[in-house]
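Worksheet: the structure to be examined is printed underneath.
Here, each number is a calculation from the coordinates, and none is a lab measurement. In this text, all values refer to a predicted model and were calculated from it rather than measured experimentally. No Cβ is skipped: glycine too gets one built from the backbone with ideal geometry, and neighbour counts run over all protein chains shown.
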Amino acid sequence: MTEITIYIGLDDTDIPGSRGTGRLAHDVAIAVSEKYRAYAITRHQLFVDDRIPYTSHNSNAVVHVDASGPDVCREIFDISKQAMLDQFLEGSDPGLAVGDADQILPPLIVMAQDAKTTVLDQELPRALAKNLGIRLEGLGGTEDGVIGAMAGLGLAATKDDGRFLLLGSLRTIMKETDVETLLSNGVDSVYLPDGRQVTSGIIRLGGGENKKKKDNRYPKPSAVAGKTVLFVKEREDGIYQAYMRR
């Protein structure tokens, strides 16, 4: 079955002390949602290496839009570009990529996987964009953000990488919830690291290892083998602590 999704990849949009790329992705999603349904945002971890300039974690963000077609891709690219330019920060090196699901072919996925373990330059991402018909543009600075923007498309399309920053109404679930609520709001399953599936009980959000990060107090499940999975650690009988995988 053909997937109907347009992916918007963003990277290198921030500078030290500014809000991150994930926050800007939310604003892009809001702008796009005036015409199309942006149903998810995922975060993807790229290679951390001293040879790669990055602000804090070297991660990108991808907005998932329920739409398809070349004309729609062009329109979504223009909307996203304007939203990013409106918040451009001097000193950042942003890149923007927009592609339909059927444009994200194996060579791009392999390049995206390489971006998690290897230092890349702009040559290959730009060549892939040209040959696959994907809209790609650097929006300032060195334009190195085109690397992560293209990598984001490839990683998101596998549905086997990254974690969700936005999915349905999950952001409205704060601090503590139960497994049943998660399963009725977009999470496919809840697992402990040792493979045991959690089908009932209380899930604490935030606190634990993330107690200083207020934005972690809502569920951020991972994309694993086409499923949306929240990983938890057992605290006591019937009570679990959610944790985020990179």
Exercise for review: Tell me which residues come under 5 Å, amide H to amide H, from residue 201 once H is placed; ignore anything under 5 positions away on its chain.
Suggested key: 179, 180
Point to revise | residue 184 versus residue 196: modelled label distance in nm, points set 7 Å from Cα along the beta carbon direction | key: 2.6 nm
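How would you rank 228, 177, 117, going from fewest to most other Cβ atoms within 10 Å of each one's own Cβ?
Working: 228 21, 177 18, 117 9.
Fewest-to-most ranking of 228, 177, 117: 117, 177, 228.
Which value results when the Cα radius of gyration for segment 41-144 is divided by 2.2 N^0.38 Å? Walk me through the numbers on the way to the answer.
Values: Rg = 13.8 Å, N = 104, 2.2 N^0.38 = 12.8 Å.
Taking N as the residue count of segment 41-144, the ratio is 1.07.
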Review point. Toward the positive end of the charge dipole of the chain, about the Cα centre and with charges on Cβ (Lys, Arg +1; Asp, Glu -1), which of 38, 77, 139 goes farthest?
Key: 38
Revision key, fill the gap. In nm, the gap between the two label points placed 7 Å beyond Cα toward Cβ at residue 88 and residue 113 is 3.6 nm
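Looking only at Cα atoms, what is the convex hull volume of segment 169-243 per residue, in Å³?
Values: hull volume 6.1 nm³, N = 75.
Spelled out: Cα convex hull of segment 169-243, divided by residues, is 82 Å³.
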Point to revise | Note, ³J(HN,Hα) from phi for segment 38-46, Karplus 6.51, -1.76, 1.60, rounded to Hz, x at Gly and Pro | key: 8, 9, 7, 10, 10, 10, 10, 7, 9
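Checking a compactness column here: for the chain, what do you get for Rg(Cα) / (2.2 N^0.38 Å), N being the number of residues? Walk me through the numbers before you get to the answer.
Numbers: Rg = 17.8 Å, N = 246, 2.2 N^0.38 = 17.8 Å.
Its radius of gyration relative to the 2.2 N^0.38 Å reference: 1.00.
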Practice item. With runs of 4+ DSSP H residues as the only contributors, calculate the mean residue ellipticity of the chain at 222 nm using -39,500 (n - 2.57) per run, divided by the residue total and rounded to the nearest 500. Key: -8500 deg cm²/dmol
Revision key, fill the gap. Counting Lys and Arg as +1 and Asp and Glu as -1 over every other residue whose Cβ sits under 13 Å from the Cβ of residue 35, the net charge comes to -3
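Could you give the dipole magnitude of segment 49-150 about its Cα centre, charging the beta-carbon of Lys and Arg +1 and that of Asp and Glu -1, in debye to the nearest 20? Don't skip to the answer; put the middle values down first.
Working: 7 positive and 17 negative charges, 35 e Å.
My answer is approximately 160 debye.
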**Study point:** Pairs from 35/130; 35/116; 116/227 whose Cα-Cα separation, in the structure shown, is over 25 Å
**Key:** 35/130; 35/116
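Mind putting a number on the dipole of the chain about its Cα centre? Charges go on the C-beta only, +1 for Lys and Arg and -1 for Asp and Glu, and I need it in Debye to the nearest 20. Each step should come with its number before you reach the end.
Details: 29 positive and 35 negative charges, 166 e Å.
Computed about the Cα centre, the dipole is about 800 debye.
When Lys and Arg each count +1 and Asp and Glu each count -1, what net charge do the other residues less than 11 Å away from residue 69, Cβ to Cβ, add up to? Walk me through the numbers before you get to the answer.
Details: positive: 74; negative: 71, 75, 100, 102.
Residues close to residue 69 contribute a combined charge of -3.
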Check your understanding: How long are the three semi-axes of the equivalent ellipsoid for segment 73-212, computed from the Cα gyration tensor as the root of 5 times each eigenvalue, in whole Å, largest first?
Key -> 34, 18, 15
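Find out how many positive minus negative residues lie around residue 93, taking Lys and Arg as positive, Asp and Glu as negative, among other residues whose Cβ is under 9 Å from that of residue 93. Walk me through the numbers before you get to the answer.
Numbers: positive: none; negative: 11, 12, 143, 144.
Overall, the nearby charge balance is -4.
For 111, 84, 244, 150, which order do you get if you count the other beta carbons within 10 Å of each Cβ and list the fewest first?
Ranking 111, 84, 244, 150 by Cβ neighbours within 10 Å, fewest first, gives 244, 111, 84, 150.
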Revision key, fill the gap. Sorted by chain and then number, the residues having a modelled amide H within less than 5 Å of the amide H of residue 165, at least 5 places away or on another chain, are 41, 42, 43
